[in-house]
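Worksheet: one structure, shown below.
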Amino acid sequence: MNKLSLLVLLFSLRAAQVSAQEKKNIIGLSAGKTFFGSGDIWGANATATYERKLWKKLWFQTRLSLAQGNNFIESNVPDNPYPIFYNANHSQKFNLGVLVNLFEIRKHSLGLSVNGVSLKTAKFRSGSYFRNPDPNAPKEFQYFFTRPTYRKDLTMGGSIGIDYKYKIKNNLLAGFHVDYQLFIRGDVEENINLGLYYAF
């Protein structure tokens, strides 16, 4: 191997190393389950994430999340005119915080995320189904939907969670995050998500 070829090879290796080190931004999309309150209301969420490396193992992290869930409760009380109750929750959250990488081994990384600023707007809806008093009513008219009640909230809070990522290729990563969010009004949300991420 002549000197020119050796220099080209060394330059290429150095350029690849620098290129890998310069990937200080990560964007991603994830989706999964959300549990509201004590977990009796649950549903799904979609979350967009942006991360920026600040220093060694410390990353700035921000997330925008949309979630919704509901549940139906059937009454066991005999002759109850309202045999089915339901609750529904819709929320939009904007989180700001940091991600601390606890360890990085080859293609694996595991980190602790702490979001000190979490803004949430939520809409809670509840109602019931009314039993038709006519015993001879057709099946499709045995229950009527009552007028629901609504409540809208704007609140703040914080969250803590675990983030795991696996490097599929140089720029492409897959992973999951699990977090617990607590808000000033006492609202609680728990999320379990799978996602894809792009590093650049």
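Some observations on this one:
- For the range 23-42, filtering for residues that are in a strand (DSSP E or B), farther than 20 Å from residue 167 by Cα and either at pLDDT below 95 or among the hydrophobic types (A, V, I, L, M, F, W, C) (or both) leaves 4.
- Filtered residue count, the range 100-115, keeping only those that are of a type in the set (A, V, I, L, M) and in contact with a Leu (Cβ under 7 Å, 6 or more places away or on another chain): 4
- Each residue in the range 94-110 was checked for being in a strand (DSSP E or B), more than 14 Å from residue 61 (Cα to Cα) and in contact with a Lys or Arg (Cβ under 6 Å, 6 or more places away or on another chain), and 1 of them qualify.
- Residue under evaluation residue 107, criteria (1) modelled with pLDDT of 90 or more; (2) within 21 Å of the chain's Cα centre (by Cα), criterion not met: (2)
- Checking 89, 170, 132, 136 one by one, the residue that is touching a helix residue (DSSP H, G or I) at 6+ places or on another chain (Cβ under 9 Å) and over 21 Å from residue 199 (Cα atoms) is 132 and no other.
- Residues that are basic (Lys, Arg) and without any contact (Cβ under 8 Å) to a residue 24 or more places away in the chain were ranked within the range 132-185; the one that is nearest to residue 67 (Cα to Cα) is 147.
- Candidates are the residues of the range 122-175 that are over 30 Å from residue 29 (Cα atoms) and of a type in the set (Val, Ile, Thr); the one that is surrounded by the fewest Cβ atoms within 10 Å (Cβ to Cβ) is 149.
- Verdict on residue 129 being hydroxyl-bearing (Ser, Thr, Tyr), part of a strand (DSSP E or B) and over 21 Å from residue 45 (Cα atoms): yes
- For the range 61-74, the candidate set comprises residues that are of a type outside the set (S, T, N, Q) and surrounded by 14 or more Cβ atoms within 10 Å (Cβ to Cβ); within that set, the residue that is nearest to residue 160 (Cα to Cα) is 63.
The values are calculated or read from the model by the stated rules, or taken from the named source; none is laboratory data. Note that this is a predicted model, so its numbers are computed, not measured. When we count neighbours, we look across all protein chains shown, and the Cβ atoms used for this are built from the backbone with ideal geometry, even at glycine.
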